[in-house]
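A.B. asks: One structure is given below, represented as structure tokens, and several questions about it will come after.
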Amino acid sequence: MYRKFVQFVVKNELFEKNEKLIVGVSGGADSVCLLSLLCKLREEMAFDMIVVHINHGIRKEAIEDAGFVEKMCLEYGVSFVLKEASVNDLAKQWNMSTEEAGRKVRYDAFAEVLGAENGKIVVAHNQNDVAETVLFNLFRGSGSAGLGGIPVKNGRIVRPLLCFSREEIENYLEENQLKHCIDKTNLTDDYTRNKIRNHIIPYAEKEIVKGSVSHIYNTANLLKEQEEYLELQVQKELEKVTRFDKNGSVCSLDKTAFLEMHIFMKKKIVHRLLCLMAGSQKDITAKHIESVLSLFEKEGMKFVDLPYNLQAKSEYGKVLIGKKEPEGGKGVLESDLETAKGFTFRIFSAKMPDTVPEKTYTKWFDYDKIEGSLVIRTRKEGDYLVMQDGQHRKSLSRYFIDEKIPKDKRDEILLLADGSHILWVIGGRISDNYKITEKTKQIIEIQYDGGLQNGKTSC
């Protein structure tokens, strides 16, 4: 087994002589096997090894496991580092599953111990882990990328046990009389992976094909090679049909060139772009890809909302993908009332008049209720009006919807604003909070004669 281990290490160029290795050791069979083999190889390659053990704060036996690993490190003459965390609490804090949080805690700890030094993070994944991952992703409807299993190398992370099945590892421990810890949580069916590990894979090995794990592992490697080649082709085709703005925040897809491609390539390009624009591939699904593809249809949607606050929209001859504009528009137009073109105003003292002007472009407001400086602008996020005699706050976006204002016109409409409070939608209604009452002492009259936005203010 050691010879097979060395051959795998050499073939994949996993280590260099005198390199610093951070080895994740839980005390389970896989990690004990890994540490044993590395210690043998250390004699040839003079590794500087540090074992890192994580107490996830989930099991009572975790303290005993830590003691077991520390004692083993003492026997091997390897440095030992213990890291502790409350994974359940962190999972809630980070809005993750316990498994995801545990994985993050582990790899963060490994990276912290390694620091900025050159070296490797060594973990004990084996062929069974690959088989579990492939089946798990297959059941979830993953594409070819997700069926490629677990990489041998991923940045500074290396996995030298991927050449072994769990059966081989357990046989090695037995032959060398090496004890290991048993994580009882792995024996339960609380997690999907456990169900695959404890039921599906044993059934496949016994009832379908002996060596199923190795077969799945080999298939995953083939798919991984195919995916690597496809990604190169995708990049070439992507460059032909896409353009980015100077900030890289918006991507433009040429419809004519894109529609000439095979459907498989279309899907790969859209997936690549969505992951790139989102900065993550998590939560990007086939449904999102299909929704973007619908924008290329003549009678399709005009825009689609996507994860990570992304939006894709169809324009003449192209489809744009980028971050959604905040609700309330860009707010690019803003002027003080005193300098705004087309607006005039006067302030005067008066008692409650018998009649208040009802002209569309002339309005009276209670001047003393104004808290800040009045500005004329277009909409911003958080804008609102007060209605129903001051009893109800309505967002400006809701008002536009209720008034059936077209989306493409909402950013053009001028507003008289006191902070986020909209006094007057120019050409539309005013906020009830600023209406003239019997208690009003000063009135501000504002009139709009056109000028801003070329007079395009109608609601």
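None of the figures in this text is laboratory data; all of them are computed from the coordinates on show. All values derive from a computational prediction rather than experimental measurement. Positions of Cβ are generated from backbone atoms using ideal geometry, with glycine treated the same way; all protein chains shown enter the neighbour counts.
A.B. asks: Place the peptides 186-195, 13-22 in order of packing, highest mean first, counting for every residue the other Cβ atoms within 10 Å and averaging per peptide.
C.D. replies: Result, highest mean first: 13-22, 186-195.
A.B. asks: Would you mind computing Rg(Cα) / (2.2 N^0.38 Å) for region 8-156, counting N as its residues?
C.D. replies: Normalised by 2.2 N^0.38 Å, the Cα Rg of region 8-156 equals 1.10.
A.B. asks: Exposure proxy check: 158, 375 ranked by fewest other beta carbons within 10 Å?
C.D. replies: Neighbour counts put them in this order, fewest first: 375, 158.
A.B. asks: With unit charges on the beta carbons (Lys and Arg positive, Asp and Glu negative) and the dipole taken about the Cα centre of the chain, which residue among 436, 21, 128 sits farthest to the positive side?
C.D. replies: Going by the Cα projections, it comes out as 436.
A.B. asks: Give me the distance between the Cα centres of region 1-44 and region 390-412, rounded to whole Å.
C.D. replies: Going from one Cα centre to the other spans 64 Å.
A.B. asks: Would you work out if region 245-323 is rounded, prolate or oblate? Take a ≥ b ≥ c from the square roots of the eigenvalues of the alpha-carbon gyration tensor; rounded if a/c is under 1.5, else prolate when a/b is larger than b/c, oblate otherwise.
C.D. replies: The shape class here is rounded.
A.B. asks: Using Cβ contacts closer than 10 Å as the measure, can you line up 261, 277 from fewest to most?
C.D. replies: 261, 277
A.B. asks: Under a point-charge model restricted to the Cβ atoms of Lys and Arg (+1) and Asp and Glu (-1), what is the dipole moment magnitude of region 245-323 relative to its Cα centre, in debye to the nearest 20?
C.D. replies: 160 debye
A.B. asks: Quick check on the chain: of the DSSP beta bridges with both residues there, what percent are antiparallel, nearest 5%?
C.D. replies: Rounded to the nearest five, the antiparallel share is 70 percent.
A.B. asks: While we're on this one: Mind ranking 45-56, 278-289 by how tightly packed they are, going by the mean number of other C-beta atoms within 10 angstrom, highest first?
C.D. replies: Taking the mean over residues of other Cβ atoms within 10 Å, the ranking is 45-56, 278-289.
A.B. asks: Let me ask another. Given 10 Å bins starting at zero, what is the percent of C-alpha pairs of region 360-446 in each, up to the one with the largest pair distance?
C.D. replies: With 10 Å bins starting at 0, P(r) equals 17, 54, 25, 4, 0.
A.B. asks: Take the Cα pairs of the chain, get the Kirkwood Rh, then feed it into Stokes-Einstein at 4 °C and 1.567 mPa s and tell me D in µm²/s.
C.D. replies: Here the translational diffusion coefficient equals 47 µm²/s.
A.B. asks: Can you compute the FRET efficiency between residue 104 and residue 350 using 1/(1 + (r/R0)^6), with r the Cβ-Cβ distance and R0 = 60 Å? Round to the nearest 0.05.
C.D. replies: 0.35
A.B. asks: Ok, one more. What does the highest-first list of 36-43, 71-78 look like by mean Cβ count within 10 Å?
C.D. replies: 36-43, 71-78
A.B. asks: OK, next. Relative contact order (percent) for the chain, with alpha-carbon contacts under 8 angstrom and 6 or more residues of separation?
C.D. replies: RCO, the chain: 11 percent.
A.B. asks: Please compute the net charge surrounding residue 60, taking Lys and Arg as +1 and Asp and Glu as -1 over other residues with Cβ under 13 Å from its Cβ.
C.D. replies: -2
A.B. asks: While we're looking at this one, here's another question. Is the C-alpha gyration tensor of region 144-197 telling us rounded, prolate or oblate? Criteria: a/c under 1.5 is rounded; beyond that, a/b larger than b/c is prolate, otherwise oblate.
C.D. replies: Judged from the Cα gyration tensor, region 144-197 comes out oblate (a/c at least 1.5, b/c at or above a/b).
A.B. asks: Work out, step by step, the length gained on full extension between residue 387 and residue 203: first 0.36 nm times the residue separation, then minus their alpha carbon distance; give nm to one decimal.
C.D. replies: Here the segment from residue 387 to residue 203 would lengthen by 59.6 nm.
A.B. asks: Oh, and also: By counting other Cβ atoms within 10 Å of each Cβ, how are 30, 402 ranked from fewest to most?
C.D. replies: In increasing order of surrounding Cβ atoms, one gets 402, 30.
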